[in-house]
1. Give the angle, between 0 and 90 degrees and rounded to the nearest 10, that separates the Cα long axis of helix 221-232 from the longest principal axis of the Cα atoms of the chain.
2. Run the helix sum for the chain: -39,500 (n - 2.57) per DSSP H stretch of 4+ residues, divided by residue count, reported at 222 nm to the nearest 500 deg cm²/dmol.
3. Going by average Cβ density within 10 Å per residue, which order do the peptides 273-284, 171-182 take, highest to lowest?
4. Mind checking the dipole of segment 44-202: about its Cα centre, +1 per Lys or Arg Cβ, -1 per Asp or Glu Cβ, Debye to the nearest 20?
5. I'd like the chymotrypsin sites (Phe, Trp or Tyr not before Pro) in segment 145-234 restricted to DSSP loop residues with at most 13 other Cβ atoms within 10 Å, sorted by number.
6. Could you estimate the translational diffusion coefficient of the chain from the Stokes-Einstein equation, with Rh from the Kirkwood formula over C-alpha pairs, at 25 °C and 0.890 mPa s, in whole µm²/s?
7. Given 0.36 nm per residue, what is the gain on full extension from Q86 to E69 after removing their alpha carbon distance, in nm?
8. Of the peptides 79-90, 153-164, how do they stack up when ordered by the mean number of other Cβ atoms within 10 Å, highest first?
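FYI, it's all coordinate maths here, none of it is from the lab. Here the structure is a predicted model, which is why all the values come from computation and not from measurement. Backbone-built Cβ (ideal geometry, glycine too); neighbour counts: all protein chains shown.
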Amino acid sequence: MGGSCFAAFGGMQYLALLRYLQKNRRLVQNFNHFSEIILSNEKSFEGLCNYLRDEEPLFYKLLMTRKSEFDHEAEEISLQARLGVQFTYPGEKLYPTSFLHMPGAPLIFSFRGHPAWIHGRSIAVVGSRDASQLSHLWMEECFSEFLQAEQAVVVSGGARGIDQIAHRLALRNQSPTIVTLPSGLGAIYPSSLTAWQNPVVDGGGCFVSEYGFRQPMQKYFFHDRNRLIAGLGVLTLLVEARRRSGSMLTAQLTLQLGKNVLVIPGHPSEGSHLGNLDLLAEGATVVRDAQDLCTYFRGELNLLPSASPMDSRGC
């Protein structure tokens, strides 16, 4: 069997199958092995169907009984493409090279705007939703100075607090920003970010999602969102975090990817900074000001194979 028994919607079959697989990955017996094959080889729709038939017969049988669901995925992707939503996947030129060796990398994700990650100058920024005034001031002063010097691409999760401060400062300082969602592009979470779409896109950035267009936020999507943030940045800046928080999870995911985590120190009596102090005790890199941030960011860029010559302005 090949793709002949599936409806074709403008060449969207392969994308629809990747989306269907990603959505139902818990039903694929050996999903890790399967994703490694996809990440290392550009596959055709026919080739992917044949692989599933031979290596995942139970999933393949399920897929055959749910043809209408697959056709719906293809229709949805075709509609989104007509609305200006773009898709990327392993083997496609815009797929982030940093994802190719990332465990659990998405088989496909969509974005609205510009693929700012291709510049290779991305910094992931995470922190508390209820950040202290001192963290606000540090971002306004030091992070702004860093952006003015480096014009880095800012990657964060769009949540209130540090995430939105980072996105806002990027826009103010003419730096592209990538908003990584725990929901679909047509069900933006939090809903207040809907008004940010035009400024983000006009500023050279984008909104990113690995879910269906109308998929509402689910709590367990935040882990997925955090791994994308860690994967897209050349390093992660942790501004303020409690011990049990999504920010700490992103920092740990960054370390697992072999990337550096930069941490702003805090006082031991402040519970909102205990995650920062734990990471520093474990060997994370302390950041005091814009000069430190510029130095470490440039150092990471110099380690990249395609790093461009450093701009010596500002910091």
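1. 70 degrees
2. Only helices count here, giving -12500 deg cm²/dmol.
3. 171-182, 273-284
4. Magnitude of the dipole: close to 180 debye.
5. Hits after loop and neighbour filter: Y220.
6. Values: Rh = 20.3 Å.
Reported coefficient: 121 µm²/s.
7. 4.0 nm
8. Taking the mean over residues of other Cβ atoms within 10 Å, the ranking is 153-164, 79-90.
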